[in-house]
Amino acid sequence: MRVIAGRARSLKLMTPPGMETRPTTDRIKETLFNMLQTGICGCRFLDLFSGSGAIGIEALSRGADFAAFVENNRAAAKCIQKNLEFTRLKSDSQLICKDVMAALGELEGGPPFDYIFMDPPYGRQMEKQVLEYLSDSSLLGGGGTVIVEASLETSFAYMRDLGFKIQKTKKYRTNMHIWIARESEDDNVNSRVSG
């Protein structure tokens, strides 16, 4: 696994030992960042369930101003720390080795994030817990986007109940990325008019 583009381009990243983490492949990562395009430059990026930190590191390499990494697994957190040091991107980052919900509480009240990416364990509805928290949180900035990496079977039917909308879905062979934003007043008015 490597950094695809930017300041740390082509540098190889360490991955945590064992099978507890599920690294995003370089091909899927490249597709994700091609879809982000120029929005990443100058942004604040939050990488939840970080694993090796490859997604947040890619964001930093491509010009994000700041990235926070949240990873509960100590071995994986050490791997993120080493990857940040190796890529020389540590000064623009924060690493929190805690449960995701506790980490969100710790970050609350700080500057909001433009992008919140999460790749939680499949089949445990952890993405729903995070989205429930974010629905009433200042962590997601105005116009901010949540990107969830999930299994193809994961349901997001509850989005509107939380005040979110799905902007787009990108399906791969075994998983997908869901792009989520807050519903605006305009969306609510349009749905009432068309409904």
ask   = Does ALA59 satisfy being in contact with a helix residue (DSSP H, G or I) (Cβ under 6 Å, 6 or more places away or on another chain) and under 19 Å from ASP114 (Cα atoms)?
value = yes
remark   = Counted residues in the stretch 139-185 being aliphatic (A, V, I, L, M), in a strand (DSSP E or B) and open to solvent by less than 30 Å² (accessible area, probe 1.4 Å) come to 9
task = Go through the residues of the stretch 164-178 one by one and say whether even a single one is of a type in the set (Phe, Trp, Tyr) and in contact (Cβ under 8 Å) with a residue 60 or more places away in the chain.
result = yes
key: Single match in PHE33, PHE69, PHE86 (criterion: surrounded by 22 or more Cβ atoms within 10 Å (Cβ to Cβ) and not charged (D, E, K, R))   = PHE69
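Give GLY56, GLY63, GLY51, GLY109 a once-over and let me know the one that is crowded, with 17+ Cβ neighbours inside 10 Å and part of a loop (DSSP other than H, G, I, E, B).
GLY51
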key: the stretch 16-37 - residue that is of a type in the set (Ser, Thr, Tyr) and modelled with pLDDT under 75 and, of those, farthest from ARG173 (Cα to Cα)   = THR21
request  = Could you check, for the stretch 123-138, whether at least one of its residues is open to solvent by 30 Å² or more (accessible area, probe 1.4 Å) and within 17 Å of SER52 (Cα to Cα)?
outcome  = no
message = Every residue in the stretch 113-122 that is part of a loop (DSSP other than H, G, I, E, B) and open to solvent by 60 Å² or more (accessible area, probe 1.4 Å), please.
response = TYR122
request  = Quick one: count up the residues across the stretch 75-94 that are of a type in the set (S, T, N, Q) and under 16 Å from the mean Cα position of the chain (by Cα).
outcome  = 2
ask   = CYS97 is checked against (1) within 17 Å of the chain's Cα centre (by Cα); (2) farther than 15 Å from CYS43 by Cα; (3) buried (at least 19 other Cβ atoms within 10 Å of the Cβ); (4) hydrophobic (A, V, I, L, M, F, W, C) and fails just one. What number does that condition carry?
value = (3)
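Filter the stretch 36-48 for residues that are outside any helix (DSSP H, G or I) and not aromatic (Phe, Trp, Tyr); which is nearest to PRO111 (Cα to Cα)?
Filtering the stretch 36-48 for residues that are outside any helix (DSSP H, G or I) and not aromatic (Phe, Trp, Tyr), the one nearest to PRO111 (Cα to Cα) comes out as ARG44.
The values are calculated or read from the model by the stated rules, or taken from the named source; none is laboratory data. As the structure is a computational prediction, the values presented were derived from the model and not from experiment. Positions of Cβ are backbone-derived with ideal geometry, glycine not excepted, and every protein chain shown enters the neighbour counts. When the accessible area is computed, the model is the full protein with side chains, heavy atoms only, and any ligands, DNA or RNA have been set aside. Shrake-Rupley method; radii C 1.70, N 1.55, O 1.52, S 1.80 Å.
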